[in-house]
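Right, one structure below, let's go through it.
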Amino acid sequence: MAFINIGFGNIINSNKIVSMITSDSAPSKRIVANAKEKGNIIDATQGRRTRCVIICDEYVVLSALMPDTIANRISDNSFKEETDND
């Protein structure tokens, strides 16, 4: 199990992430609106502007970090795990 910091001390399980998209597009706004209606949204922005919509297995998580930043953290973490196992 690998946990990733998505900003401001908020951490999620990277194995549950299905997709990460920017919050600017109309489809991402629809995804967020639908998740709010269903009660399946987790706001981890700490009151800041939402820049990334993280779609997980069961939930939608909002982050103030850019998707590229989170993706880099995931790849750095997986590299650490590989080198630790060797």
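Values computed for the structure shown
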| read-out | value |
| --- | --- |
| Candidate set from region 1-10 (those that are assigned to a strand (DSSP E or B) and touching a helix residue (DSSP H, G or I) at 6+ places or on another chain (Cβ under 9 Å)); member that is surrounded by the most Cβ atoms within 10 Å (Cβ to Cβ) | Ile6 |
| Check on Ile54, part of a strand (DSSP E or B), closer than 19 Å to Phe3 by Cβ and under 15 Å from the mean Cα position of the chain (by Cα) | yes |
| Of all residues making up region 22-51, the number that are outside any loop (DSSP other than H, G, I, E, B), open to solvent by less than 50 Å² (accessible area, probe 1.4 Å) and within 22 Å of Ala71 (Cα to Cα) | 3 |
| Exclusive hit being open to solvent by 90 Å² or more (accessible area, probe 1.4 Å), closer than 16 Å to Met1 by Cα and of a type in the set (S, T, N, Q), set Asn85, Asn13 | Asn85 |
| Residues of region 1-41 that turn out to be more than 19 Å from Arg51 (Cβ to Cβ), touching a residue at least 12 places away in the same chain (Cβ under 8 Å) and polar (S, T, N, Q), as a count | 3 |
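The values are calculated or read from the model by the stated rules, or taken from the named source; none is laboratory data. Everything numeric in this text was worked out from a predicted model, so none of it was measured. With ideal geometry, Cβ positions are generated from the backbone for all residues, glycine too; neighbour counts draw on all protein chains shown. Just so you know, the surface numbers come from the protein's heavy atoms only, side chains and all, with ligands and any DNA or RNA stripped out. Shrake-Rupley method; radii C 1.70, N 1.55, O 1.52, S 1.80 Å.
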